[in-house]
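Peer 1: Sharing a structure, written as structure tokens. Questions coming.
All of the numbers you see were taken from the coordinates with simple rules; none came from a lab. Predicted model, so just to flag it, every value in this text is computed and none were measured. Neighbour counts run over all protein chains shown; Cβ positions are idealised from the backbone, glycine included.
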Amino acid sequence: QQQVKQSPQSLIVQKGGISIINCAYENTAFDYFPWYQQFPGKGPALLIAIRPDVSEKKEGRFTISFNKSAKQFSLHIMDSQPGDSATYFCAASRYTGRRALTFGSGTRLQVQP
Amino acid sequence: DGGITQSPKYLFRKEGQNVTLSCEQNLNHDAMYWYRQDPGQGLRLIYYSQIVNDFQKGDIAEGYSVSREKKESFPLTVTSAQKNPTAFYLCASSRTPEGNQPQHFGDGTRLSIL
């Protein structure tokens, strides 16, 4: 019940294209869903996050779509740029009880110029 | 600048040796976390601490130990009982322990076996 499943494992997108990464969770007690971006040799950095009371959140070129009934959420990167090439992790946590993040396995995104 | 400092950046362990990874934060955050990152497996929680002098086991605590004697420091010891310690170790902190608080990460320590 703690798992967060992420796909695809790797993704190659042309510059200007749309990158889409999907995650699914099992624990219905999760109520916070962040996405992290990690560059090689660095720690992850928070990109964008959503609560389950909204179905979509947009910040610049990054959008989270959330489907509570399907227990799925996804990250869309519009107008993908070579500088977006990184590993992306979805995560989930609970507000109460065990509140530490549970991470997906990561997606390595490569944006080709 | 406020942030999380992990040291050393690279660390080598001999058989039967305990090693300690340092994590210091100057963000005045209450909660701190240790994760292990292996290729293709994402980040897995080792230990976390919601407040000074308190810590909880995560999903893969066996072979590891921690202490939280000061708010700004959360060192991780990889003991000889951890048979496969080669990994990238990440420390994080959040302002409060609530699950909707952003976690801020250090730049990690890469541990290898000699």
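Peer 1: Just need a number here: residues in region A:1-25 that are in contact with a Lys or Arg (Cβ under 8 Å, 6 or more places away or on another chain) and surrounded by fewer than 17 Cβ atoms within 10 Å (Cβ to Cβ).
Peer 2: Of the residues in region A:1-25, 2 are in contact with a Lys or Arg (Cβ under 8 Å, 6 or more places away or on another chain) and surrounded by fewer than 17 Cβ atoms within 10 Å (Cβ to Cβ).
Peer 1: Would region B:83-101 turn up any residue that is more than 10 Å from chain A (Cβ to nearest Cβ), in contact (Cβ under 8 Å) with a residue 24 or more places away in the chain and over 24 Å from A:Pro34 (Cα atoms)?
Peer 2: Yes, region B:83-101 contains a residue that is more than 10 Å from chain A (Cβ to nearest Cβ), in contact (Cβ under 8 Å) with a residue 24 or more places away in the chain and over 24 Å from A:Pro34 (Cα atoms).
Peer 1: Further question on the same structure: Among A:Thr63, A:Thr28, A:Thr87, which is the only one that is hydroxyl-bearing (Ser, Thr, Tyr) and surrounded by fewer than 16 Cβ atoms within 10 Å (Cβ to Cβ)?
Peer 2: Only one candidate passes the filter, namely A:Thr28.
Peer 1: Turning to a different aspect of this structure: Return yes when A:Arg99 is facing chain B (nearest Cβ under 10 Å), within 23 Å of B:Asp38 (Cα to Cα) and touching a strand residue (DSSP E or B) at 6+ places or on another chain (Cβ under 8 Å) and no when it is not.
Peer 2: It is true that A:Arg99 is facing chain B (nearest Cβ under 10 Å), within 23 Å of B:Asp38 (Cα to Cα) and touching a strand residue (DSSP E or B) at 6+ places or on another chain (Cβ under 8 Å).
Peer 1: Based on this model, can you work out whether B:Gln41 counts as touching a residue at least 12 places away in the same chain (Cβ under 8 Å) and out of contact with any helix residue (DSSP H, G or I) (no Cβ under 7 Å at 6 or more places or on another chain)? Don't jump to the end; show me each part of the working.
Peer 2: On the way: touching a residue at least 12 places away in the same chain (Cβ under 8 Å): no; out of contact with any helix residue (DSSP H, G or I) (no Cβ under 7 Å at 6 or more places or on another chain): yes.
Spelling it out, it is not the case that B:Gln41 is touching a residue at least 12 places away in the same chain (Cβ under 8 Å) and out of contact with any helix residue (DSSP H, G or I) (no Cβ under 7 Å at 6 or more places or on another chain).
Peer 1: A follow-up question, please. Tell me which of these A:Gly104 doesn't satisfy, since it passes every other one: (1) within 13 Å of another protein chain (Cβ to nearest Cβ); (2) out of contact with any Cys (no Cβ under 6 Å at 6 or more places or on another chain).
Peer 2: (2)
Peer 1: For region B:56-76, state whether one or more residues are within 23 Å of A:Phe33 (Cα to Cα), without any contact (Cβ under 8 Å) to a residue 60 or more places away in the chain and more than 11 Å from chain A (Cβ to nearest Cβ).
Peer 2: There is at least one residue in region B:56-76 that is within 23 Å of A:Phe33 (Cα to Cα), without any contact (Cβ under 8 Å) to a residue 60 or more places away in the chain and more than 11 Å from chain A (Cβ to nearest Cβ).
Peer 1: If B:Lys9 satisfies every condition in (1) in contact with a strand residue (DSSP E or B) (Cβ under 8 Å, 6 or more places away or on another chain); (2) charged (D, E, K, R); (3) under 24 Å from A:Tyr95 (Cα atoms) but one, which is the exception?
Peer 2: (3)
Peer 1: Which ones in region A:77-96 are among the charged types (D, E, K, R), part of a loop (DSSP other than H, G, I, E, B) and more than 9 Å from every other protein chain (Cβ to nearest Cβ)?
Peer 2: Answer for region A:77-96, where residues must be among the charged types (D, E, K, R), part of a loop (DSSP other than H, G, I, E, B) and more than 9 Å from every other protein chain (Cβ to nearest Cβ): just A:Asp79.
Peer 1: Now, a different point. Which one of these is surrounded by 13 or more Cβ atoms within 10 Å (Cβ to Cβ) and either touching a Gly at 6+ places or on another chain (Cβ under 9 Å) or away from every other protein chain (no Cβ under 14 Å) (or both): B:Leu45, B:Leu21?
Peer 2: Just a single option satisfies the conditions, and that option is B:Leu45.
Peer 1: Here is a check on your reading of the model: is A:Phe39 under 12 Å from the mean Cα position of the chain (by Cα) and of a type in the set (Phe, Trp, Tyr)?
Peer 2: Spelling it out, it is not the case that A:Phe39 is under 12 Å from the mean Cα position of the chain (by Cα) and of a type in the set (Phe, Trp, Tyr).
Peer 1: Something else now. Taking A:Ser74 as meeting all but one of (1) polar (S, T, N, Q); (2) within 11 Å of the chain's Cα centre (by Cα); (3) within 8 Å of another protein chain (Cβ to nearest Cβ), write down the number of the exception.
Peer 2: Unmet for A:Ser74, out of (1) polar (S, T, N, Q); (2) within 11 Å of the chain's Cα centre (by Cα); (3) within 8 Å of another protein chain (Cβ to nearest Cβ): (3).
Peer 1: Could you name every one of the strands (runs of 3 or more DSSP E) located completely within region A:1-51 that has at least 2 residues being within 12 Å of chain B (Cβ to nearest Cβ) and small (Gly, Ala, Ser)?
Peer 2: A:45-50
Peer 1: Right, something else. Applying the selection to region B:102-111, what residues are at the interface with another protein chain (Cβ under 7 Å from one of its Cβ atoms) and touching a Ser or Thr at 6+ places or on another chain (Cβ under 8 Å)?
Peer 2: Result: B:Pro102, B:Gln103, B:Gly106.
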